[in-house]
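Structure record follows, encoded as structure tokens.
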Amino acid sequence: METSHEREARLWNITKAKTAFKTHLVLYVLISTALWVVWFLTDSKFHGIPWPVWPEVTWGIILVFQYFKGYYKYFPAKFGKIGKQQQTRY
């Protein structure tokens, strides 16, 4: 059983992780938009893969991990709920 101090620390960590994710998501959208505008104004005649795709995909993958850290790390029951139900049925 967790104490009041442990609970407050856990809730504070959850809030910090969610806030960090939301901040990085806003930055991702703004910077990705700026990269696409720069590409469109300077190099849009190129017929290959546009260069803004690479930083966008890389940063997007990092954001996915940060999302799971903020929204699922502190709630492991969301992932294991179905597995536990299936184990008890057999």
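The table for this structure:
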quantity: Difference of contour (0.36 nm per residue) and Cα-Cα distance, Tyr72 to Ile49; calculated: 4.9 nm
quantity: Cleavage-rule hits, GluC sites (Glu not before Pro), the range 1-72, DSSP coil, Cβ neighbours within 10 Å at most 12; calculated: Glu2
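No lab work stands behind these numbers, since they all come straight from the coordinates. Please read all numbers here as calculations on a predicted model, not as lab measurements. A quick note on method: Cβ atoms are made from the backbone with ideal geometry, for glycine too, and the neighbour counts reach across all protein chains shown.
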